[in-house]
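Just below is one structure, and these are the notes that go with it.
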Amino acid sequence: MIDAFLFIGLPYTVTFLFVIGSILRIRNYGYSVTSHSSQFLESNNLFWGSRFFHSGIILIILGHIIGFLLPKFVIWFTTNPIGLFIIELSAFAFAIISLIGILILIFRRIFVKRLYSVTSIMDIVVYVVLATQIITGLLIAYQLSWGSVWYASSMVPYLKSLCMFSPDMSVISSMTLLVKMHVITAFTLIGLIPFTRLIHFVSYPFFYIWRSYQLVIWNKNQKTMRVSKNTREGIKPKNN
Amino acid sequence: MDIRSQIAMVFHLDKCIGCHTCSVACKNIWTDRKGAEYMWWNNVETKPGTGYPSKWEDQKIYKGGWEKKDDSIQLKSAGHLKGLTKLYHNPDMPTIDDYYEPWKYEYDSLFEAPEGSDQPTARPVSLITGNPIDIKAGPNWDDDLGGSPDYARNDVNLHNISAEDKEAMFQLERMTFHYLPRMCNHCLNPACVAACPSGAVYKRGEDGVVLISQEKCRAWRLCITACPYKKTYYNWSSGKSEKCLLCFPRLESDQAPACMHSCVGRIRYLGVMLYDADKIKEYASCNEDELIDKQLDIYLNPFNEDIIRKAQKNGIADSTIEAAQKSPVYKFVKEWGLALPLHAEFRTLSNLFYVPSLLPVIGKMNDGTYESTSENLWGNIEETRLPLKYLANLFSVGDTNRIALVLRKLMTVRYHRRKVTVNDIDAKIVDTAFSETGYNAEIADAIYRLTSLVKYDERFVIPPAHREEAIEMLNSTDDHKGETGFGEKKGTRRVF
Ligand code: HEM
Ligand code: SF4
């Protein structure tokens, strides 16, 4: 029963929260969406903390996504001991990097007094959950070796079953407590995104890459304004 | 040709008395908020000095603005790829220590301190941490050359001035300074706009005001690096960047921006310029020695029939064109050639022009005594106390001839007026001055008028914002007339 709640109820709930919450927050409460950069108040430690943490965590997340999307490829790749070695080692290294990063970030928040005024309770929640996530991940890698293989062969089918709306808990129920914790905090993180500073990476500025540099916005679009069929119900002039 | 209109400004430095009324007016209206205390959208710097934030002009430190690359330009430290790699930590962003830590005083302790043998004091406490602090710097810490060894001597514009000249500048008797009021230039080629990955910073089409949408800003902070004038600021509390908005709500209701309206020295002028937006990229990418000529070239003659026709076709209102014809900025910048942009080498095509100050020119050292008289009525420009090169580094990309010409023009106006009012100088001197500068009595009188006598309406020629059409910006007129009082900003439309 509790398993059903945690491994079926929770993932659907957090996905719903993530999708609807993020859309609503970005669309309707754009003002609240920001990376809340604290570099202005403290830059030197952030350099190491943020760069380590972000490069580590983004690559790790990417790894999980690749494993999820292409499990066959991962299994094929890891049948070769060298491939297995490369994947395991780099995943472990990235995890260590992100762990060092988040530790620097956390200590920075504790020891730099100026940052107290820009640290919210939700920030602390995020640190705790993220740190738990990274530490459980590392412990799993240490205790239950060749995670890349069994992630692809056992966990991915479970995640797929969730996506197909025919949840199959048989595998996940038999996992150790550590793995269960890792999965639960992962779901929690997804659910936290729209309610915390984590929203910042949902608005990653992809469009910038092909946007022209100068941006001019006209308050009045004379052309659409003066068309009589636009005056009611239709296209309202959209000023910034 | 893509003609647009732009609000531009002229600051007449000879008239600036350094009273900071402008800065305070701005602060009271816009930046007296949490996280914004350290922001001075408008500030007045003492030159020579290091400015605010400290040494902002040194792009080796701050990496702001554009740089020429082959035939084109690129942002020094931002841009599509360079920018996106800097999101997680931006090594070229100033921190609060480059400005100062804002504070207030514990005034309540003056009233509430328990009785004792000491006088109670009002200690300064940080507005960030709330703890008592030792104040290390504050706004205008180097005002009027205070702390010169640390500030004036480190002025970035002294870089190619000879050691003797530099030494001479700091001899007590020769020491001189002038004020440099600064604000966002609402550039034609704004680096802040180009650097913003979220598209939050934009230029308003109608009047060229550069704004940051607080809804769209995501605190990637690249505008702060990119602006070479360091006139975008990061609000550490709200996590959004902010900048001067040229008091657009005031402009729209025919009032001058607060800094300009309150200016005691009446040094500030504001008006419309018509310019050719198709030329921006090309002109911003030209060689350094052509920069100023090109920039002056981008502004179009609002009296030219052809230009007027094209402007009208581009949707520029007749009233705006009329305002452009009356623009005091057009007169100072284009007709009289008296005003120059600050640091044109940053290539943002700024719209704030300065009439350099003439006064430090007079007087010279003679056998260790300072003499304020000379055979030449106002001294001569080459013997200025402030090396010409210094002014040239500020206003003419190092070209001393250009700055000398402007100073000579200013001098000419004075010769002429002296002749008219006191009549103690030789008409020949005035005539020589006229022929050297291409001025005549009529022009000199007009400059004198616009410099000394003008009233509010002549200093600020604000194009009407057409309030009668303003509602069209937000709503359709058809809907609006039936819903007064019922309109909702967000609307009730369904999300999906
Ligand atoms: C995808 C691209 C991402 C971008 C561009 C990005 C950008 C940023 C930026 C600009 C900051 C503010 C740093 C500062 O204080 O100046 C930040 C902070 C942070 N980001 Fe990201 N981020 C990304 C992905 C992520 C991911 C995937 C996570 C975690 C799952 C994450 C977690 C955090 C956390 C916890 C902080 C707070 C750091 C601190 O101030 O202590 N970010 N991020
Ligand atoms: S001066 Fe103003 S418009 Fe120009 S780059 Fe800086 S903030 Fe942008």
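Inspect the range A:39-47 for any residue being more than 16 Å from ligand 2 (Cβ to nearest atom) and more than 28 Å from B:Y99 (Cα to Cα) and give the result as yes or no.
no
From the list B:Y229, B:Y234, B:Y202, the lone residue that is within 17 Å of B:A78 (Cα to Cα), within 10 Å of ligand 2 (Cβ to nearest atom) and of a type in the set (S, T, Y) is B:Y229.
In the range B:189-200, the residues that are touching a residue at least 12 places away in the same chain (Cβ under 8 Å) form Cβ pairs under 9 Å with partners that are part of a helix (DSSP H, G or I) and more than 16 Å from ligand 1 (Cβ to nearest atom), at six or more places apart or across chains, as follows: B:N189/B:I280; B:N189/B:K281; B:N189/B:Y283; B:N189/B:A284; B:A191/B:F346; B:G199/B:V193. Of the candidates B:H159, B:H186, the single residue that is more than 16 Å from ligand 1 (Cβ to nearest atom), closer than 23 Å to B:W56 by Cα and in contact with a strand residue (DSSP E or B) (Cβ under 9 Å, 6 or more places away or on another chain) is B:H186. Looking at A:Y204, A:Y208, A:Y213, A:Y151, just one residue is within 17 Å of A:L62 (Cα to Cα), within 14 Å of chain B (Cβ to nearest Cβ) and not hydrophobic (A, V, I, L, M, F, W, C), and that residue is A:Y204. Among the residues of the range B:255-291, those that are more than 20 Å from B:L180 (Cα to Cα) and among the polar types (S, T, N, Q) comprise B:Q255, B:S285, B:N287.
Residues in the range B:125-136 that are away from every other protein chain (no Cβ under 12 Å) and open to solvent by less than 30 Å² (accessible area, probe 1.4 Å): B:V125 only. Among the residues of the range B:73-100, the ones that are more than 8 Å from chain A (Cβ to nearest Cβ) and more than 30 Å from B:A284 (Cα to Cα) come to 2 in all.
Let's see how each residue does on (1) over 16 Å from the mean Cα position of the chain (by Cα); (2) at positive phi; (3) open to solvent by 10 Å² or more (accessible area, probe 1.4 Å):
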| residue | (1), (2), (3) |
| --- | --- |
| B:R4 | yes, no, yes |
| B:C22 | no, no, yes |
| B:W30 | yes, no, yes |
| B:V44 | no, no, no |
| B:P48 | yes, no, no |
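Here is a check on your reading of the model: is A:I102 in a helix (DSSP H, G or I), free of Cβ contacts under 8 Å to residues at least 60 places away in the same chain and surrounded by fewer than 13 Cβ atoms within 10 Å (Cβ to Cβ)? The answer is no for A:I102. Condition check: in a helix (DSSP H, G or I) and more than 8 Å from chain B (Cβ to nearest Cβ). Does A:R25 satisfy that? In short, yes. Residues in the range B:169-190 that are within 20 Å of B:N43 (Cα to Cα), within 16 Å of ligand 2 (Cβ to nearest atom) and in contact with a helix residue (DSSP H, G or I) (Cβ under 9 Å, 6 or more places away or on another chain): B:L180, B:P181, B:M183, B:C184, B:C187, B:P190.
Helices (runs of 4 or more DSSP H) fully within the range B:277-320 that include at least 3 residues being of a type in the set (D, E) and open to solvent by 20 Å² or more (accessible area, probe 1.4 Å): none found. Taking the range B:50-101 as the range and being surrounded by fewer than 21 Cβ atoms within 10 Å (Cβ to Cβ), of a type in the set (A, V, I, L, M, F, W, C) and over 23 Å from the mean Cα position of the chain (by Cα) as the test, the residues that pass are B:L81, B:L84.
Can you confirm whether A:L17 is at pLDDT 95 or above and either near ligand 1 (Cβ under 10 Å from one of its atoms) or open to solvent by less than 40 Å² (accessible area, probe 1.4 Å) (or both)? In short, no. The set of residues in the range B:102-124 being open to solvent by less than 90 Å² (accessible area, probe 1.4 Å) and of a type in the set (G, A, S) consists of B:S109, B:A113, B:G116, B:A122.
Kindly indicate whether B:D207 is within 30 Å of B:R449 (Cβ to Cβ) and crowded, with 19+ Cβ neighbours inside 10 Å. Against the criterion (within 30 Å of B:R449 (Cβ to Cβ) and crowded, with 19+ Cβ neighbours inside 10 Å), B:D207 qualifies. In the range B:163-184 there is at least one residue matching the filter, namely being assigned to a loop (DSSP other than H, G, I, E, B), touching a Pro at 6+ places or on another chain (Cβ under 9 Å), open to solvent by 60 Å² or more (accessible area, probe 1.4 Å) and more than 14 Å from chain A (Cβ to nearest Cβ).
Taking helices (runs of 4 or more DSSP H) as the structural unit, those lying wholly within the range B:1-101 and holding at least 1 residues that are in contact (Cβ under 8 Å) with a residue 12 or more places away in the chain and under 21 Å from B:P181 (Cα atoms) correspond to B:21-26, B:59-62. Screening B:W103 with (1) within 30 Å of B:V264 (Cβ to Cβ); (2) touching a Lys or Arg at 6+ places or on another chain (Cβ under 7 Å); (3) within 13 Å of chain A (Cβ to nearest Cβ) gives one miss only, at (2). Can you report the number of residues in the range A:53-67 which are within 14 Å of chain B (Cβ to nearest Cβ), under 15 Å from A:F92 (Cβ atoms) and open to solvent by less than 70 Å² (accessible area, probe 1.4 Å)? Result for the range A:53-67: 3.
The values are calculated or read from the model by the stated rules, or taken from the named source; none is laboratory data. Computed from a predicted model, the values in this text were never measured in an experiment. Note that each Cβ is placed from the backbone with ideal geometry, even for glycine, and that neighbours are counted across all protein chains shown. The accessibility values were calculated without ligands, DNA or RNA, using every heavy atom of the protein model including side chains. Shrake-Rupley method; radii C 1.70, N 1.55, O 1.52, S 1.80 Å.
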